[in-house]
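What follows is a short report on a single structure.
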Amino acid sequence: MSIDFEIKRYLAVLRKRLWLILLIVAAGCLITGVVSKYYLKPVYQASTKLIVNSPADTQGMLRLDMNAINTNISLIHTYKEIIKTPAIMDLVVKEHPEYGVTSDDLMRRIQFSSVSDTQIFTLSLEDASYSKAAQMINTVAQMFQKQIPNIMKIDNVFVLHEADPAKTPAPVKPNVPLNVAISFLASLMFAIGLVFALEYFDDTLKTEEDVEHYLGLPTLVAVPEIRAGDMKPKRTPIGKKVGEASGVPIQ
């Protein structure tokens, strides 16, 4: 049996239950969109940028040579590990109990990102309130800048930009278009799998092609399906006699 024939059979199975596939996909996307839009709580992200810069020399000038820049860039990896330690987070929680978070919670929620070959890195934090997220991430950045000289014995971290608690940006979660797109793919795969499962467990023979495919026998006789409506007598048209309707001449 050729591969083309098998592909045609698969397409025929999908085409036969296309309505079921469309129904499942449409229902999945609709439910996901409604839940994402009206039932999931929005989550906001606040971020602040810091720079690792060379310390001032004895003349108050910054040494901007390549060795110093490369050293600062390599320090970013060290700072990434330091900032997510109790050495920083415990102080934030201790000085700001109004945040209502623990050190472990802060360490888990802080996101650290940096651009390759630059001295700048970004600290981000997500919360249901953007104002609270902005206040917490600014506090973490300020505490980190304050404690680095005590930890590393070098003062080379500066805050470039702080999050503004007064702003009201768009939430980062839920991402309705992304959720609907994921739901579309998931429901489509589920619907296709369901259609093939129904076809696999359906062991009835419905067409002449099924008889030839599964039994390897030619079809000699086909009995048409008789519906209940076919057994009812036909109505005589109004204005015609019974004999005329039946085609029998009336004596």
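The values are calculated or read from the model by the stated rules, or taken from the named source; none is laboratory data. Being a predicted model, the structure only gives us computed values, none of them experimental. With ligands, DNA and RNA removed, areas are computed over all heavy atoms of the protein, side chains included. Shrake-Rupley method; radii C 1.70, N 1.55, O 1.52, S 1.80 Å.
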Computed over region 65-109, protein heavy atoms only, probe 1.4 angstrom, the accessible area per residue in square angstrom equals 58
Whole-Å distance linking the alpha carbon centroid of region 29-46 with that of region 182-212 is 32
Taking only protein heavy atoms and a 1.4 Å probe, the highest-to-lowest accessible-area order of Thr102, Thr85 is Thr102, Thr85
Expressed as a percent, the accessible surface of region 143-215 that is carbon or sulfur, using a 1.4 Å probe and the full set of protein chains, is 64
Accessible-area order for Leu18, Leu123, largest to smallest, probe 1.4 angstrom, reads Leu18, Leu123
